[in-house]
Each structure stands twice: as structure tokens, then as C-alpha cells.
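Structure record follows, encoded as C-alpha cells.
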Amino acid sequence: MMKFHSLISISVFVICAVVVFTVSKAPAGNIEEDFLTPPDSGRPRTLWMWMGSNINKQAITQELEAMKESGLGGVTMFSLSDTCTPWAGNIGNSPTLQIIAFREPWWQLVRHTAEECKRLGLEFGMHNCPGYESSGGPWVTPELSMQQIIWSQKKVKGLQKFSGSIERAQPDLRAVQPFPVFNPKTGLVEKPEVSARREYYKDVALLALPAEGVVPKEKIINLTSKMTAEDTFDWDVPDGNWIIYRFGHTTMGAMIQPCQWQAIGLECDKMSREAVEFHMNHVLGEIKRRLGTLVGSVFTHLHFDSYEAGEPSWTPKMADEFKSRRGYELIPYLPAFAGRTIESQEKTNRFRSDFSQTIRDLYRDIYYPTISRLTREAGLKLSVEPYGGPWSIGEVIPNVDIVMTEFWTWGGKFGPVEVAPTVDAAWASGRRIIEAEAFTGAPAESQWTEFPGWLKPIGDAAFCAGINRFCFHRWAHDPWSDDIRPGMTMGQWGTQFNGKQTWWKPGRAWIDYLRRCQALLQRGKPIGWDDDDFKANVTDGKPDIRYIHRQDGDAEIYFVANIERSQAAALCSFAVSGRQPELWDPVWGTMRDLQENETKDGKTIVPLEFAPCQSFFVVFRKQIPPHDGPVIKNFPALKKVADVNGPWVVNFDSKWGGPAQVTFGKLEDWAKRPEAGIKYYSGTAVYHTNFDSQVTAGRIFLDLGEIRYLARIILNGKDLGVLWTPPWQVEITGIVKEKANKLEIEVTNVWANRLIGDEQEPADCQWLPGHMGYGGYLKEFPEWFIKNQPRPSKGRYCFTTWNYFNKDSPLVSSGLLGPVTLLTQ
């Protein structure tokens, strides 16, 4: 859940490794079966955020049922704070303060979740500690936590006998960690004071060296053995000016986050096998004790999110590890930490490099193998986003069972986070499935304004980058009744996936699209990217056409996507010859031959046309059949034969402020209507009209023009499915009649307008500003909400825990905009 990492790609050193049991088996069915009836591996999953103590047993069941019904395959649960501001935030006046992560009755709810997942056939796993960062908890003691080397010093003059002590270092009490937290004790965003940074201390070495200049190693005097139990020592100081350094180590004080303050604790020492084993045995022991036989069957994986815990500078066995790996003693070079130059600048720089490499080695050789071994011994899979820390991605991936990368929705574009090196390393280690924390949303993009058609090109670009299973970021667990909408958020973070989204039910059409895509993109082996393998010569528009190619036996599978939000056409060249290109449309699950093609220089050249954000599979699996008749164009032109002008009777849901029935003489944007119940409406409204058709022969299509944002079409009582992405057309051949056609269109927009409409009313909640702007979070649950009383502000309909809007926020275009027409081919 990489919130602040640098996005600079790092080079990957890929090691050759025997592919262990973690590599998924290839699917057994043929590609056509997988496309038409995707297997379970094609189901997206979701990151499921339990926000603070706001958890409800009945709501858990309802949400899992909604996930199953929509086509999701499972969840990875995180237990966070009440809100993320982006720091851990607290919402006061909670009705369920007793629910603390990794304590009773939280574990009872985890058990209930596992039992419900078993009933529903969903996979269940969770993050390895409270928060999403990184591996630790209240059970981690200072000596088992991430360590920092510290020192104190004392100047002495020569030709005297020194008797006494050097006070040990007194580090700043502030935790050494990358990011601050919201400290409820002080009300400030700060790095917390950790008393153990002075209370816990272990000596490393006592060294004396000349006070100035470059110091030869032979001039360094190791006084460590002279130190008594009382921290005193005697030393006959040679001639000259000297500095005595007392080196020790203490906890960095780095804390897991963003979790409930009652669940906060220290990060474990990732370079200590004993510390990592202690953390893992605690967590896995609790899981096995609480879930019993559900472990390994229903509860399937333990997750480690993208690493943001910082880099330690010590571990208790560092000196021995350094010598065994680098071949020389560490102790004489310790003064380099105090800014001294030992031997020469070149040798001091080499030491610094060697020390840094030793840290990388220990993460690779201790942290990853230990969490992998213990997870597998428990019968679970290890799920990891393997980037961000002091290691090479390719070196640690062989330890990982579920490889995850990450992409964001930056400005409506594909925002990769270490995607390329992760995919490269995963392919090198033989992984068939590469998962991603998918559609992670920053508050600039995710303000209850997202919808499947907006997300589609972002996801298509991720597919083309080598990702083939999405794990949505995120579904915030909502503990309240169904009429409290849109409900819980993860604070400012994330695309708003949950069963209370306005478009969640019609959005099943998008989930079906993802399932078809993922099923095919998990087949066979990747071919990679090469201009000789595929090329798109644009003939119309300015598209950004991307692709990925997989080979499955004799079948060549290309996924080709226009990720621009404008239409385009191109002559596409595929490195295949002698086989029939087929166009498989994952939006509708249809397949047809592309007769219009030519073979040239061993390539098959196919003219393709793309609506905005449109994508296809182009599949080569059979020989080109003999063909004597005229060639049918790949995308025959459609011509308009009639307008469907209305009038339109529109039914809004009065429960959400809309008029029960209104007549539109012409199609209009809801946001531009004068009625408050329409301009501020969010949800689904049903358009009704009747029309005659002069054309009933040949292929006939209904074109809706523009939709904001999803539309289910019912013609003469037949459900024709949901339009959620261009082209906004559906075939009505054989369904349309000459007279009295009855057309219903269920149009769904997003939550933003209703939330903005609520801001026109008096406030009945108190808000605190987010620490990065973009609105703010609920200060406390109001009494009327806790006691289930009528709202003081009668004109408000929504309740949520993060507010992005004010009364002047711009409304979002909504509704059926049209024009609605009949087209023929």
C-alpha cells in the first residue's frame, strides 16, 4: 500500500532458481472455455479494510455475500485505524471501543469471517500485523525491534592514566521511521517519543583513536575488554589528543502503522532470525489457535504489504555477519558512523558500501526466508509486495508464493509502482499469476467520482504491463445498516469499492470483463514486448495502443488496448502468419473471425478500430479457412436510420431525494436541471419511452450516445445487459418490433452529487481537516447517529467518514445524455 515511496524504478538482479511449489499450475481447460466461463483464478480479489473498532458481524456476512455475488474471489483483510488522514486517525464517541486488533473480540470476528468464507467459497487472508506497515506489533520488545547504532564520545589528552566511564549515548526519543503518525496523546502529527530508545541499550565496542585526521587502523585502540560491569575502565593514554567512542545500539522506535493506537507496537528486527521468528510465531500461533482446521483451506495466505519501515543500522549479530560476508572486521570501521575516515577515503567508502550490502544480504537471507518458511510450515501461502526495502526484487521473489505489485489511478492514468521490475523478476522465476494492488486512489482522483468506465483504461494498461489478477484497493468494511450510505471509507485513500457504491450491482458487468481478461492473460507463457512482435500504425486519431502477448500451446493470444479516452484506428501487425485472426471481445464475451487481413513478410496485418478505451483479444489458433466470397470488413460502418426522441418518463428513487416520476421532453444532464432532487441525485433512475421502428430486417443496433455512467437496457421485456464503456451500443436484432417498442434504461451515476447536495444543508456532523488537504474526517460519531435518532439536518441523505466536498464543489455530469438512435449495418 505504498503511499509515499519513490517511484524510481530500480534495476533488478534476477537470480536463477529452481521453481518451487509456489508456481501456479497452468489451467486445464481450453482458452475458449476459459474465456466464456472464466475459472476461479480469474476472479479479482479485494483488500478489505477493517477500520478501527467499526466492525460488525452481520455486516461481515452481508459484505462477503455481496463480494461473492459480484464475482470476486476472496479478500485480504487489514486492520487499520478509524481513518487515514493519511496518518492513523481516531473518530471519537465510538460505540465499539472494545474491539482492538489482534485481541478479543476481534479474533472472534476473524473466526466468523473464515467460517463465512468457507460457506461462500471465498479465499481469506490477512496482513501479518495491525496496520499496513510492516511486520511487528505490541508483542515485539525493544531488544527484538529494528535497531540503530548510536555512540557517545569523550576527548582525552595523552600521557595520563584515564580512570572513569563514558556516559552511554542519549539518542533523541523520537522514533526513527520514515513517516510521522497522528499522536492522540499530543494531538500532533509527529514521530512519537519512545522511551525505550534510552531505556534499552547494548554496548558494541569502546574504541580510542587520534582526535583528528585520517586514522590508520593500527592507531585504533580497542578498549572494549577493559569495560567493567559498572561501565568503568582504566587506560594509559598515549601521547597526543584522543577521542574515545562508546558504540552501542538501541531500538529505532519504528512503529507499525496506521493502526489503532491501542494496537501500535514496534517493528521487529528484520535482520535477526530470532526476532522475525518471534513475530511470526506469535501471529501464526494466534491464527492456528483461533482458526484451527480452517487454516490452509479457507484461510489461505498471510500478506506483507509494500515496505515502508525504513532501514536499520544494526542487529545484534551484525559484526559476525559482516565478517563472514565481507571477509574483514567491522569493529575498526565503526568510527565511520561518527564521520571519521579510517585508512583512507576510498577504504571508508568501501566500508560504507559493504555495510549497506550486508544489510541487503540479511534482508534477503534472513527476513524473506524466515517469513516464507514459517508461513509455509503453517500451511499458508506468503503474499508479498516485494519492493521498497533494502533488497533486490529478483533475489527475494523465489521466497514468495503470491507476487503482488501495485498501480495507482494518477490523473486518470496508469500509475505503476515498481511494476516492471516486479513483473520481470516474477516471469524469471516462472510465475504464471502476477497480482496487483489495483486502482489505489489518491484523494485528488478518488472522491466518490470513480466509475468502471473511468477505471477501464487504467486496468487495461496494467494488463499490458504483465499484471493478470487484480486485488482492488480497496473495500472499506462498513458496519452499518444498508440505508446508511455511502458509509465507511479508508479516510482519504483508495478507489471506493464496496457494496454500497451506486454502481456496484450494474458494475458486475465490469467484473465479468476483468474475469474474462484475467482468465486468458493467465494462460500459457508471456512473450514480452518487442516492436517485431507487434506494431500499431495509426490510421485515425491519436491513440496510445498497448499490448501483451502470451503463447498457449499452438495459440497466440494478444491483448490489444487503446488506453486513450478517444477513438482511433490502426493497422496492427502481429508476428504470426498462416493463421486466422479472431477478435474476442471481453466486454461482451463474443468471438468472431477477422476476415480483413493480409500476410506480409511473415506478419499478419489486421485493420482494427477502437472506440475510446476499447480493448480486444486477437487470437490466432487455427488455419485460415478457404474463402471464395466477398471479404467482410472487420468493423462494418453503421448508419443511422432513426432517432428515439422520447418524451422520457424518468423514475428517481424518492428515498434519495429524487422525484418519483418526471417527464423529460428531451434528454438533459441531471446536474444542469433546476430541481434540487435531480441535480443533486445519486443512484439509479429508470428512463421509459416507446418508439416505432421502420427497420426490423438485418442487423440493428441501439446507440445511447453518451451515458453518465452505466446503463442497463431492457427492450420489450428482454434484459440486454449493461453498457458501462464505449461504444455505447447494443444489438437489438430480433428483439425490436415495427410498432410500440417499450424501452427501459436504468442509468446509474456516482455518489458525488448527493454528497454535494447535502452540503447545501445545515451541518449535523463535526469534521477535522485531513493532514494533506482534500477535505477531512469525522471528528466523532454524533449522538443522533449512535442512538439511531432522526437526523437534525432533515435535508441530508448521506453519511460517510470522509468529506471531500463543500456547497460550492462542482457537480458531476450525470444521466442519459444521448442522442439515442437506431443504427443498421
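Lysines within cross-link reach of K633: Cα-Cα under 29 Å, excluding same-chain residues under 8 positions apart?
K456, K535, K542, K600, K603, K622, K737
Using only helices, what value at 222 nm comes out for the chain when you add -39,500 (n - 2.57) per DSSP H run of length 4 or more and divide by the total residues, to the nearest 500 deg cm²/dmol? Write down the numbers at each step before the final one.
Working: 15 runs with 151 residues, N = 825.
It lands at -5500 deg cm²/dmol.
How high is the relative contact order of segment 582-640? Use alpha-carbon pairs under 8 Å, at least six apart in sequence, and give a whole percent.
Values: 55 pairs, mean separation 23.3, N = 59.
Worked out over segment 582-640, it gives 40 percent.
What are the ³J(HN,Hα) couplings of segment 57-67, residue after residue, when phi is run through the Karplus curve with 6.51, -1.76, 1.60 and θ = phi - 60°? Round to Hz, x for glycine and proline.
With the stated coefficients, segment 57-67 comes to 4, 5, 5, 4, 4, 4, 5, 5, 5, 5, 5 Hz.
Can you check what the net charge comes to around N645, using other residues whose Cβ is under 12 Å from the Cβ of N645 (Lys, Arg +1; Asp, Glu -1)? Please report the intermediate quantities before stating the final value.
Working: positive: K666; negative: D643, D692.
In short, -1.
Sequence neighbours fewer than 8 away in the same chain don't count; with that in mind, list the lysines whose C-alpha is under 18 Å from K185.
Reachable lysines: K779.
Under 10 Å from the Cβ of F610, count the other residues' Cβ atoms, weight Lys and Arg +1, Asp and Glu -1, and hand me the total.
Working: positive: none; negative: D540, E564, E609.
That works out to -3.
Please give, to one decimal in nm, the separation of the simple spin-label points placed at D532 and E212, each 7 Å out from Cα toward the Cβ.
Modelled inter-label distance: 6.6 nm.
At a probe radius of 1.4 Å, what is the per-residue accessible area of T440, in Å² to the nearest 10?
0
Given the C-alpha centroids of segment 237-263 and segment 750-825, what is the distance between them in whole angstrom?
Distance between centres, Cα-based: 48 Å.
Any number yet on Rg/Rh for segment 381-460, C-alpha, Kirkwood? The partial results should precede the final answer.
Details: Rg = 14.0 Å, Rh = 13.5 Å.
That ratio is 1.03, to two decimals.
With r defined as the distance between the Cβ atoms of E377 and W480 and R0 fixed at 45 Å, what FRET efficiency is calculated, to the nearest 0.05? All intermediate terms of the calculation are to be shown ahead of the outcome.
Working: r = 40 Å, r/R0 = 0.88.
The value I calculate is 0.70.
Once you place label points 7 Å from the Cα toward the Cβ at Q170 and K718, how far apart are they in nm?
Those two pseudo-labels are separated by 8.5 nm.
Relative contact order, percent, of the chain when contacts are C-alpha pairs under 8 Å separated by at least 6 residues? Don't skip to the answer; put the middle values down first.
On the way: 1947 pairs, mean separation 107.7, N = 825.
13 percent.
In whole percent, and with a 1.4 Å probe on the protein chains, what portion of the accessible area of the chain is carbon and sulfur? List each step's numbers first, then the result.
Details: 15650 of 31810 Å².
Carbon with sulfur: 49 percent of the solvent-accessible area.
Restricting things to Cα coordinates, could you compute the convex hull volume per residue of segment 716-790 in Å³? Please list the in-between numbers first.
Details: hull volume 15.4 nm³, N = 75.
Hull volume over Cα atoms, normalised by residue count, gives 205 Å³.
Kindly provide the Kirkwood hydrodynamic radius of segment 81-236 in Å, to one decimal, from all pairs of distinct alpha carbon atoms.
The answer is 20.8 Å.
Quick one: if the Förster radius is 35 Å, what FRET efficiency do S344 and N183 give, using the C-beta to C-beta distance and rounding to 0.05? Before the final figure, lay out the partial values.
Numbers: r = 45 Å, r/R0 = 1.29.
Rounded to the nearest 0.05, the efficiency is 0.20.
Report ³J(HN,Hα) in whole Hz for each residue of segment 727-735, in order, from the Karplus equation J = 6.51 cos²θ - 1.76 cosθ + 1.60 where θ = phi - 60°; Gly and Pro get x.
Once rounded to whole Hz, the list reads x, 7, 10, 9, 7, 10, 4, x, 10.
Return P(r) of segment 777-825 (all Cα-Cα pairs; 10 Å bins starting at 0; whole %; ordered from short to long distances).
15, 35, 20, 14, 11, 5, 0
Distance between the C-alpha centers of segment 395-459 and segment 45-123? Whole Å please.
23
Using only the alpha-carbon atoms, what does the chain span along each of its principal axes? Please give whole angstrom values in decreasing order.
The principal-axis extents, from largest down, are 113, 74, 50 Å.
Please quote Rg/Rh for segment 623-753 to two decimal places, taking the Kirkwood radius as Rh and restricting both calculations to Cα atoms. Can you show the working numbers first?
Working: Rg = 17.8 Å, Rh = 16.6 Å.
Ratio of gyration radius to Kirkwood radius for segment 623-753: 1.07.
Can you pull out the GluC sites (Glu not before Pro) in segment 116-224 whose DSSP state is coil and whose Cβ has at most 16 other Cβ atoms within 10 Å?
Working: sites: E116, E123, E133, E143, E167, E190, E193, E199, E212, E218; in loops: E167, E212.
Passing both the DSSP loop test and the Cβ count: E167, E212.
With Kirkwood's inverse mean 1/r over C-alpha pairs for Rh, give me the Rg to Rh ratio of segment 136-192, two decimals please. Mind dumping the intermediate values first?
Working: Rg = 17.9 Å, Rh = 15.2 Å.
Computed over Cα atoms, the ratio is 1.18.
Restricting to DSSP loop positions (anything but H, G, I, E, B) with no more than 11 other Cβ atoms inside 10 Å of their own Cβ, which trypsin sites (Lys or Arg not before Pro) remain in segment 648-719? Intermediate values should be presented prior to the final figure.
Working: sites: K655, K666, K672, K679, R699, R708, R712, K718; in loops: K666, R699.
Those that pass, being in a loop and sparsely packed, are K666.
Keeping all protein chains in place, calculate the accessible area per residue for segment 702-825 (probe 1.4 angstrom), answer in Å².
With the other protein chains kept in place, segment 702-825 gives 41 Å² per residue.
Can you send over the solvent-accessible area of D764, 1.4 Å probe, protein chains only, in Å² to the nearest 10?
D764 exposes around 20 Å² with every protein chain in place.
Compute the accessible area per residue over segment 554-650, keeping the other protein chains in place, probe 1.4 Å, unit Å². List each step's numbers first, then the result.
Numbers: 4440 Å² over 97 residues.
Result: 46 Å² of accessible area for each residue.
Could you report the accessible area of V237 in Å², rounded to 10, computed with a 1.4 Å probe on the protein chains as they sit in the structure?
10
Which of the lysines could a cross-linker bridge to K270, judged by Cα under 27 Å and excluding same-chain residues fewer than eight apart?
Correct list for K270: K3, K191, K202, K288, K317, K323, K381.
Segment 667-825: D in µm²/s via Stokes-Einstein (Kirkwood Rh, Cα pairs, 20 °C, 1.002 mPa s)?
Value of D from the Cα-based Kirkwood radius: 118 µm²/s.
The values are calculated or read from the model by the stated rules, or taken from the named source; none is laboratory data. Keep in mind the model is a prediction, meaning the values are calculated, not measured. Positions of Cβ are generated from backbone atoms using ideal geometry, with glycine treated the same way; all protein chains shown enter the neighbour counts. Please note that ligands, DNA and RNA were not included when accessible areas were found on the heavy atoms of the full protein model with its side chains. Shrake-Rupley method; radii C 1.70, N 1.55, O 1.52, S 1.80 Å.
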